[in-house]
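Here is the structure we will look at.
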Amino acid sequence: YVVDKGNHRHFMVKEIHEQPEVVGHTLAHYLDLANGIAKVPSGIDFAAIDRLSITACGTAYYAGFVAKYWFERLARLPVDIDIASEFRYREQPLSRNGLSIVISQSGETADTLASLRYAKGEGQKIAAVVNVQESTIAREADIRLPTLAGAEIGVASTKAFTAQLSVLAATAVAAGKARGVLSAEDEGKLVRALSEVPRLMHQVLKLDEQIEALARELAKVKHCLYLGRGTSYPIALEGALKLKEISYIHAEGYAAGELKHGPIALIDEDMPVVVIAPYDRVFEKTVSNMQEVAARGGRIILITDRKGQEAAAIDTLATIILPEMPAIVTPLVYAIPVQLLAYHTAVFMGTDVDQPRNLAKSVTVE
Ligand code: AGP
């Protein structure tokens, strides 16, 4: 693996563009595409597990947050999701038949490693979704679930995130089948949907210019809100994290339904609201939230698909239209426009995109 920027200006944008490839690679490792099967990782008996606890930091935590929705819905498996720095000191009682999943790109994050050790001490089996295979977390886990993202150099995580989502989606489908929640036919459909992700990502990467033009506007603001529901909620959180990390614009991600419980007080024309809303089962609910924003003069950047655009029928500052796709794949594909938006905004701001101030690629101290 050669680590250079190639024709790209920054590692981050190179890594964004590598996603169809690394996601395809990672999925091929976890799926038997020819037979429409999601492979159960060896060492995990999903039928015998009664609870999952997922622990990670930052972007890896958001990948785990998406996975909570998948495991609960597809495998009817209850999931606790925690930020590692909270989990490690909370002394949470862990189920005797539970499985702990830690997620880490570097495999060296201090709080995530401490969480792994805590859970191990409590008798949990540990599976690690990890990108660096020689890392401490990879070594100490009972089961390794590698992400095949290659070296990630940009401090802002991009391809590691979608590779983590790939592993977790495939594993959630495998769990659903093993627990008798999904039929072989359901499994086949989901596997086929996942296999389409690289192609969908390629299509979405073509929206780069439109997103760059929009970023020119975003670079003028001081604050920005991101909203989403269901699996788009963690993507809203991730979008906000990306923007603040590299552009230093203050951004917050919220569950769309929480808007009226506080953040709506902030809405005015100076604070754009990025809404991540594929046309899915919660779409109509998100439309009500957009109407609340519009009624208060808020400017909306809507990321949706053609059906969503038609159904929303709302004035926006910009609408980014993605292809239509099955619900299971939306978090993977919708991650790309929020990454590109943060990237181009940061470039307009003139920040050090790959090495943003005050941040380290891997946080090995508490
Ligand atoms: C993401 O863009 C971050 N820089 C950061 O939140 C990161 O995801 C977090 O520190 C966890 O790192 P890890 O995946 O290496 O454990």
Considering only strands (runs of 3 or more DSSP E) fully contained in region 237-318, which possess at least 3 residues that are in contact (Cβ under 8 Å) with a residue 40 or more places away in the chain? 273-276
Within region 144-183, restricting to residues that are in contact with a Lys or Arg (Cβ under 7 Å, 6 or more places away or on another chain) and away from the ligand (no atom under 13 Å from the Cβ), the one that is nearest to Leu359 (Cα to Cα) is Ala174
Counting just the residues of region 155-201 that are surrounded by fewer than 24 Cβ atoms within 10 Å (Cβ to Cβ) and assigned to a loop (DSSP other than H, G, I, E, B), which one comes out modelled with the lowest pLDDT? Val155
Residues (in contact with a Leu (Cβ under 8 Å, 6 or more places away or on another chain) and of a type in the set (Phe, Trp, Tyr)) located in region 248-276: Tyr254
If you take the residues of region 104-148 that are touching a residue at least 40 places away in the same chain (Cβ under 8 Å) and in a loop (DSSP other than H, G, I, E, B), which of them is farthest from Leu94 (Cα to Cα)? Leu148
Single residue of region 42-90 satisfying the filter (under 26 Å from Leu237 (Cα atoms), more than 16 Å from the ligand (Cβ to nearest atom) and of a type in the set (D, E, K, R)) that is modelled with the lowest pLDDT: Arg90
For region 214-230, does any single residue satisfy the condition of being modelled with pLDDT of 95 or more, farther than 23 Å from Val23 by Cβ, touching a Gly at 6+ places or on another chain (Cβ under 8 Å) and in a loop (DSSP other than H, G, I, E, B)? yes
Condition (residue is assigned to a strand (DSSP E or B), away from the ligand (no atom under 14 Å from the Cβ), farther than 24 Å from Glu134 by Cα and of a type in the set (Gly, Ala, Ser)) applied to region 28-35: is it met by at least one residue? no
Could you check Pro93 against (1) more than 21 Å from the chain's Cα centre (by Cα); (2) modelled with pLDDT of 95 or more; (3) assigned to a loop (DSSP other than H, G, I, E, B) and say which number it fails? (2)
Can you spot a residue in region 350-360 that is assigned to a helix (DSSP H, G or I), within 20 Å of Ala251 (Cα to Cα) and more than 15 Å from the ligand (Cβ to nearest atom)? no
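The values are calculated or read from the model by the stated rules, or taken from the named source; none is laboratory data. Keep in mind the model is a prediction, meaning the values are calculated, not measured. When we count neighbours, we look across all protein chains shown, and the Cβ atoms used for this are built from the backbone with ideal geometry, even at glycine.
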